[in-house]
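Trainee: Submitted below is the structure of interest, expressed as structure tokens.
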Amino acid sequence: MPRIIVCIKYAIDVSQVKVDSATRKLLTADAPRKISDFDENALEEAVKIKTKYGGEVIVLTATAENASTALREALAMGADKAIQIQDPKIQNADTMIISNILAKAIRKVGSFDIILCGEASIESYSGQVGPRLAEVLGVPIVTYVSKVNLEGNTFTVERRLEDCSEVIMVNTPVLLTVTKEINVPRVPTLMDIIKASKKELLTWTLEDIGVKGEEIATPSIRVIDVSAPKIERKKIKISGESPKEIAENLVKALIQEGVIGG
Amino acid sequence: MRAGEVWVFSENLDLTLEILSEGRRLADKLQTELSAIILGCNIKEEAEEIAEHNVDKIYFMDNPAFKSLQTEPYLSVFMELAARHTPEIILIGSTKRGRELAARLAARLKAGLVQDAFKFEIDEKGMLIASRIVYGGNGVALITYQAKPQIATVPPRTFEKAKPSDKQADIISLDVKLDEPKTKVVEVKPAEVAKVRIEEARVVICGGRAVAKKEDFKMFEELASILGGHVGVTRPLAEDRKWFSEWVGLSGKKVKPEIYI
């Protein structure tokens, strides 16, 4: 019976980020947090595998803030156990540090057959933690998985790329990063939520998993600025007496700008 | 001390040419050499062609192991090359394969990686500053590196292709022991895509969640055919409503049309 670890990010809800109109800076501190979208797909897939083959689903997150609410939600969706590695120092961690923290936490959890991650986070859509984690743990990885089938200890998965899909066979233990197409995450029922309140939710410190101060103090990259993008618009207003005339004027303006041929 | 080389790689050779032009600019600024890493199966002619595009060196390996496009053989070459030379900057084409390769390479080299960078600068200390879009398009982040090599991926159509020049690059043939992939490709299915690749389209008419019915896309198609363009949709229409198989945006097709409606 597979032991499945799902890594999630307690991420900023990007649809609710506001911009300070004076400084063009993003007010990320005020934006609400949630489980990153693709990570919900990873969790859903883990629960589906468990329903079919049995086993255990453990949700893991490395977070600067307390992510208990999101982890309770994960438990309501069907995870058996949730663990957060929480430390304010994680705020400035890059994907290298996050993947090292997750690897150490996974070693403390013990053995595993499958690790599932989202293809990337909604915040940065960088897609580094999954591949980096696989390298640190030394396990095979398949990224952008849109379909899975498990038989014994062999996965047959479909991987969605730009111009094709690959069907890939790989043995466990394995790390898969999943796309949004793989499933539709369930909405927990009231019963699920009540059951989740009795499940185990652990908070570990960096010391608990043996991460030393210097390991987290030296990220590989540093974000020096985040601002709202400046989109220069020419603000040309096309007017006319009739729709036909407006259309003609629009075409004239586009020809003038050189975007369409005259 | 002279700066290390700037390396450029993509399994997509067109994309290699695009990144080479930006690689040239950065290498000139750092007064160092620009190298392209060309790996594949039966691609000697392509490598010779790329050698004529204002690049100093080509690290070249032709091997059937690259045919399945799996990541491990590429990683073997990069790790061997990185052990012999100390590159300053590694630019990799941002396809999904490239994004995975870059992240795994960065993990092995304990290096920083910026995915999908669309602009580069060199600061006064000679370190790279990369710009990328974050928070679902709400922000542009400027990111700097704390160590070398400095790795970044570059999306298609970000930079103009390098132009041919009189300079002829040295082609250095590599003989590296390649790791076997841990994944086995059993089938490759072509994606259900429209006749025209939307990335190449000069005119894109894009619809979003405000479009009430799938039938309303007939209007989009009509406008697209008049303007000689291509219809695109946002991710919710493709994924949640399943009206289309591909979408435009950060996680989908990156377009760079002259007209976008």
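Trainee: Are any residues in the range A:185-239 more than 14 Å from chain B (Cβ to nearest Cβ), of a type in the set (Gly, Ala, Ser) and surrounded by 14 or more Cβ atoms within 10 Å (Cβ to Cβ), and if so, which ones?
Mentor: A:Ala196
Trainee: A further question follows. Identify all residues within the range A:175-210 that are part of a loop (DSSP other than H, G, I, E, B), more than 15 Å from A:Lys108 (Cα to Cα) and free of Cβ contacts under 8 Å to residues at least 40 places away in the same chain; write none if there are none.
Mentor: Matches in the range A:175-210: A:Val187, A:Thr189, A:Lys198.
Trainee: If B:Asp166 satisfies every condition in (1) at pLDDT 95 or above; (2) more than 22 Å from the chain's Cα centre (by Cα) but one, which is the exception?
Mentor: With (1) at pLDDT 95 or above; (2) more than 22 Å from the chain's Cα centre (by Cα) applied to B:Asp166, the lone miss is (1).
Trainee: So for the range A:226-246 (the condition being within 30 Å of B:Lys110 (Cα to Cα) and outside any loop (DSSP other than H, G, I, E, B)), does at least one residue qualify?
Mentor: The answer is yes, given that some residue of the range A:226-246 is within 30 Å of B:Lys110 (Cα to Cα) and outside any loop (DSSP other than H, G, I, E, B).
Trainee: Residues A:Thr61, A:Thr51: which one is free of Cβ contacts under 8 Å to residues at least 40 places away in the same chain, closer than 20 Å to A:Asp80 by Cα and not in a loop (DSSP other than H, G, I, E, B)?
Mentor: Criteria check complete, one pass: A:Thr51.
Trainee: Right, something else. Inspect the range B:60-67 for any residue being within 24 Å of B:Thr86 (Cβ to Cβ) and in contact (Cβ under 8 Å) with a residue 24 or more places away in the chain and give the result as yes or no.
Mentor: Taking every residue of the range B:60-67 in turn, at least one turns out to be within 24 Å of B:Thr86 (Cβ to Cβ) and in contact (Cβ under 8 Å) with a residue 24 or more places away in the chain.
Trainee: Okay, moving on. Against the definition (among the hydrophobic types (A, V, I, L, M, F, W, C) and under 23 Å from the mean Cα position of the chain (by Cα)), how does A:Ile224 come out, yes or no?
Mentor: Judged against the criteria, A:Ile224 is a match.
Trainee: Taking the stated definitions as given, is B:Val154 more than 18 Å from the chain's Cα centre (by Cα) and surrounded by 19 or more Cβ atoms within 10 Å (Cβ to Cβ)?
Mentor: no
Trainee: Quick check on my filter: what residues within the range A:11-30 are surrounded by 13 or more Cβ atoms within 10 Å (Cβ to Cβ) and not polar (S, T, N, Q)?
Mentor: Across the range A:11-30, the qualifying residues are A:Ala11, A:Ile12, A:Asp13, A:Val14, A:Val17, A:Val19, A:Arg24, A:Lys25, A:Leu26.
Trainee: Residue check, B:Ile171 against (1) crowded, with 16+ Cβ neighbours inside 10 Å; (2) closer than 24 Å to A:Ala120 by Cα; (3) more than 9 Å from chain A (Cβ to nearest Cβ), all met but one. Which one?
Mentor: (2)
Trainee: Now a separate question. Can we say A:Ser111 is among the hydroxyl-bearing types (Ser, Thr, Tyr) and in contact with a helix residue (DSSP H, G or I) (Cβ under 9 Å, 6 or more places away or on another chain)?
Mentor: no
Trainee: Another question about this same structure. Report the residue count in the range B:132-155 for those that are in contact with a Lys or Arg (Cβ under 9 Å, 6 or more places away or on another chain) and more than 9 Å from every other protein chain (Cβ to nearest Cβ).
Mentor: The total comes to 3.
Trainee: Tell me, which residue of the range B:177-191 that is exposed (fewer than 11 other Cβ atoms within 10 Å of the Cβ) and either facing chain A (nearest Cβ under 7 Å) or β-branched (Val, Ile, Thr) (or both) is nearest to the chain's Cα centre (by Cα)?
Mentor: So the residue we want is B:Pro190.
Trainee: Grab the helices (runs of 4 or more DSSP H) fully contained in the range B:34-149, keeping just those with 1 or more residues being hydroxyl-bearing (Ser, Thr, Tyr) and modelled with pLDDT under 95.
Mentor: Qualifying helices (runs of 4 or more DSSP H): none found.
The values are calculated or read from the model by the stated rules, or taken from the named source; none is laboratory data. Owing to the predicted nature of the structure, the values given are computational and were not obtained by experimental measurement. Virtual Cβ from ideal backbone geometry, glycine too; neighbours counted across all protein chains shown.
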